[in-house]
């Protein structure tokens, strides 16, 4: 698993890096000390998991998580913060866990395991859709993302598709969802 650590405190980043290394929970592929740099880094390395502080200069961690939730394949977000007052906002941004500083190794390990499980579940769902397409059967559903979670949407419920920049959305009676395919891939 590729992990990014985002915290404006160098000591906190170093401590998290040491714990992730000791736990052998994945490879830390980058660090950032603010939200804007974190988003740029995530575009470059496409992490599976982000360890994200909340209070940082400029863009805070909650805003970063909201940006990530709107992407096609968002990483699992684990908040690492000294403040318990942001828990509701973290849940609303689809965070996998919310760890209070000082972070203990067993809690970090449990959060990373939970994030890994979610990532594997998403991959299994994607593999099922790909296998269905490769088996020669006609497709009856497409995979879509809602708040960072993979869902299957019946083709019969889709009113139309819309491509905007690098995103494709499927409009259905209950709203719209970001889908996991390009328009040419849907043909």
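The values are calculated or read from the model by the stated rules, or taken from the named source; none is laboratory data. Bear in mind that the values here come from a model prediction, so they are computed numbers and not experimental data. Every residue, glycine among them, receives a Cβ derived from its backbone with ideal geometry; neighbour counts consider all protein chains shown.
If you check 76, 90, 38, which single one turns out to be at pLDDT 95 or above and within 16 Å of the chain's Cα centre (by Cα)? Walk me through how you get there before you give the answer.
Numbers: 76 fails: at pLDDT 95 or above; 90 fails: at pLDDT 95 or above.
Residue meeting the stated conditions: 38.
Within 30 Å of residue 5 (Cα to Cα) and either modelled with pLDDT of 75 or more or outside the structural domain of residue 51 (by TED's automatic domain parsing) (or both): does that describe residue 173?
Values: within 30 Å of residue 5 (Cα to Cα): no; either modelled with pLDDT of 75 or more or outside the structural domain of residue 51 (by TED's automatic domain parsing) (or both): yes.
Taking the combined requirement at face value, the residue does not satisfy it.
In the list 18, 70, 32, 12, which residue meets the criterion of being more than 15 Å from the chain's Cα centre (by Cα) and surrounded by fewer than 18 Cβ atoms within 10 Å (Cβ to Cβ)?
After ruling out the rest, the residue left standing is 18.
Return yes or no: is residue 67 touching a helix residue (DSSP H, G or I) at 6+ places or on another chain (Cβ under 8 Å) and farther than 20 Å from residue 16 by Cβ?
Values: touching a helix residue (DSSP H, G or I) at 6+ places or on another chain (Cβ under 8 Å): yes; farther than 20 Å from residue 16 by Cβ: yes.
It is true that residue 67 is touching a helix residue (DSSP H, G or I) at 6+ places or on another chain (Cβ under 8 Å) and farther than 20 Å from residue 16 by Cβ.
Of the residues that sit in the range 176-187 and are touching a strand residue (DSSP E or B) at 6+ places or on another chain (Cβ under 6 Å) and at pLDDT below 75, which one is nearest to residue 76 (Cα to Cα)? Even if it seems obvious, please write down each step before you answer.
If we filter the range 176-187 for residues that are touching a strand residue (DSSP E or B) at 6+ places or on another chain (Cβ under 6 Å), which is where we start, we get 176-180, 183.
With at pLDDT below 75 added as a condition, the list becomes 180, 183.
Working: 180: 17, 183: 26 Å.
Checked the range 176-187; the qualifying residue nearest to residue 76 (Cα to Cα) is 180.
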